[in-house]
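Some notes on the structure that comes next.
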Amino acid sequence: MDLPRLGLGTMGIDDPAAIETAIDLGYRHLDTAQIYDNEAVVGEGIERSPIDREELTVATKLWVDRLGADAVSESVEASLERLGLDRVELLYVHRPRGEYDPEGTLPALAEVREDGLVGGVAVSNFEVSQLERFRDVLGRSPAANQVEYHPLFQPEDRLEHAREHGYPLVAYSPLSGGRVGDVEAVVAVAEKHDVSPEQASLAWLLAKGIYPIPKASSRAHLEANRAALDIALDAEDVARIDGVEREEELYPE
Ligand SMILES: NC(=O)c1ccc[n+]([C@@H]2O[C@H](COP(=O)([O-])OP(=O)(O)OC[C@H]3O[C@@H](n4cnc5c(N)ncnc54)[C@H](OP(=O)(O)O)[C@@H]3O)[C@@H](O)[C@H]2O)c1
């Protein structure tokens, strides 16, 4: 799958106009989830946009109480119904807990993929041992692993696993939930390039080959985040943010 370098996180977005604006500004990867309760909002934004559906990568996530082998197919169909789409490009296991059972859930997801409802079976919040289990059960890597990754939380082992097996690591909360402005190293890199700390954080992730999905609701933020695609950090900048020692995990398991 050719995943766009920068996507849009939609958690908390409840206005289709924000989705429409994002697509208008060039966003081609939209990330939602059953638990965000906004699949219909995302679908409405897509519907309003003149951009061809084929140009978009739409991702949703099955919540932990809908991961039983018997529940998966119906649950995916319900998501598609809310989105108003006949397929999604990425379908995630949101978290490996609740009804998640690798031997039951994963073959059921593979079947939904074979039926054409889903482009790729992906995972979120998976540890390396759980990624290895996925590979054992399905005989291939997930289409993506989406994890919390930002200057204040850098799970290196997940990045290494993604690089080794050649699938994208998608970074959620890439702006530390809007807090990167108080991280000294990020501010220093931002000042050097005359950009905002949020843009510096995204440029750092992009330079590392990670796929960030910042959430933004205003046109100004949506635009500013897209502009991060044009910021080239050097190795010293990347190393400086890599070296941030303060750790704040926003979504501990
Ligand atoms: N898989 C999972 O378990 C999981 C968990 C959490 C999140 N996620 C995904 O990751 C996405 C992003 O994570 P997140 O929402 O936690 O946090 P985030 O993207 O790190 O930060 C979002 C916050 O930053 C603000 N912001 C955006 N662009 C900005 C800019 N250029 N300058 C200043 N502030 C800016 C936003 O404000 P405005 O809204 O006002 O623009 C919002 O308050 C979610 O929407 C969701 O799709 C996945």
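A short reminder: the numbers here are calculations on the coordinates, not readings from a lab. The shown structure was predicted, so the numbers you read here are calculated from the model rather than taken from an experiment. For neighbour counting, all protein chains shown are included, and Cβ atoms are generated from backbone atoms with ideal geometry for every residue, glycine included.
Could you please give the count of residues in the range 95-123 that are touching a residue at least 60 places away in the same chain (Cβ under 8 Å), within 16 Å of Ile35 (Cα to Cα) and buried (at least 22 other Cβ atoms within 10 Å of the Cβ)? Step through it out loud before you land on a result.
Our first condition is that a residue be touching a residue at least 60 places away in the same chain (Cβ under 8 Å); within the range 95-123, this holds for 95, 97, 119-120, 122.
With the extra rule that they be within 16 Å of Ile35 (Cα to Cα), the set shrinks to 95, 97.
Retained after the next criterion (residues that are buried (at least 22 other Cβ atoms within 10 Å of the Cβ)): none.
Residues in the range 95-123 being touching a residue at least 60 places away in the same chain (Cβ under 8 Å), within 16 Å of Ile35 (Cα to Cα) and buried (at least 22 other Cβ atoms within 10 Å of the Cβ): 0 in total.
Would you mind finding the one in Asp15, Asp65 that is touching a helix residue (DSSP H, G or I) at 6+ places or on another chain (Cβ under 8 Å) and surrounded by fewer than 18 Cβ atoms within 10 Å (Cβ to Cβ)?
Answer to the check: Asp15.
Need the failing condition index for Gly209 against (1) more than 11 Å from the ligand (Cβ to nearest atom); (2) over 16 Å from the mean Cα position of the chain (by Cα), just the number.
(2)
Read through the list (1) assigned to a strand (DSSP E or B); (2) crowded, with 18+ Cβ neighbours inside 10 Å, then give the number of the only condition that Val76 fails.
Condition (1) is where Val76 drops out.
Taking interchain pairs and intrachain pairs at least six residues apart, which have beta carbon atoms under 6 angstrom, with the first residue in the range 227-253 and in contact (Cβ under 8 Å) with a residue 12 or more places away in the chain and under 15 Å from Lys192 (Cα atoms) and the second of a type in the set (Asp, Glu) and within 14 Å of the ligand (Cβ to nearest atom)?
none
Can you pull out every residue in the range 135-149 that is away from the ligand (no atom under 16 Å from the Cβ) and not small (Gly, Ala, Ser)?
Listed by number, the residues that qualify are Arg135, Asp136, Val137, Leu138, Arg140.
For the range 39-53, state whether one or more residues are surrounded by fewer than 22 Cβ atoms within 10 Å (Cβ to Cβ) and under 17 Å from the mean Cα position of the chain (by Cα).
Within the range 39-53, none of the residues are surrounded by fewer than 22 Cβ atoms within 10 Å (Cβ to Cβ) and under 17 Å from the mean Cα position of the chain (by Cα).
Has the range 235-244 got any residue that is more than 21 Å from Gln146 (Cα to Cα), part of a helix (DSSP H, G or I) and of a type in the set (Lys, Arg)?
yes
Looking at the range 212-253, which of its residues are surrounded by fewer than 11 Cβ atoms within 10 Å (Cβ to Cβ) and touching a Phe, Trp or Tyr at 6+ places or on another chain (Cβ under 9 Å)?
Glu247
Being assigned to a helix (DSSP H, G or I) and over 14 Å from Arg113 (Cβ atoms) is the filter here, so list the residues in the range 58-73 that pass it.
Residues satisfying the conditions are Val64, Asp65, Arg66.
Of all residues in the range 143-176 being over 19 Å from Arg5 (Cβ atoms) and touching a Lys or Arg at 6+ places or on another chain (Cβ under 9 Å), which is surrounded by the most Cβ atoms within 10 Å (Cβ to Cβ)?
The selected residue is Leu152.
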